Amino acid sequence: MFIAIGFMLVGVLIGFLSRKKAFKNISKLITGLIWLLLFILGVEVGGNSQIVSGLPVIGVEALIITAAAVIGSAVAAFFLWKRIAKYHDHEK
């Protein structure tokens, strides 16, 4: 954990020190590294028999959490929309 935080802080320091320098194609490099990390994560997950055997349970839990988050966000957005519309109507 401390190693990851250390790497992040070193990256922030390097970014801070080189903030005036323009980096070309840095977004392509970052995208490629993210794809590489996702691939390596997939290899690690696929090689772990405990995770693979628990995928049905993990999948159902993920589906329930996702559905609850979407429904909760939609309900909150609905009430916010109603409140904003009511406030907007009072100002007219």
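The values are calculated or read from the model by the stated rules, or taken from the named source; none is laboratory data. Just so it is clear, the structure is predicted and the values come from calculations on it, not from any experiment. Protein only, heavy atoms only, side chains kept; ligands, DNA and RNA dropped before computing areas. Shrake-Rupley method; radii C 1.70, N 1.55, O 1.52, S 1.80 Å.
With every protein chain left in place, what is the accessible area per residue of the chain in square angstrom, probe 1.4 Å?
96 Å²
At a 1.4 Å probe radius, carbon and sulfur cover how many percent of the accessible area of the chain?
Working: 6680 of 8800 Å².
Answer for the chain: carbon and sulfur cover 76 percent of the accessible area.
If I compute Cα extents along the principal axes in Å from the structure I just sent, which labelled value in (1) 38, 30, 20; (2) 53, 50, 27; (3) 37, 23, 22 lines up?
Answer by label: (2).
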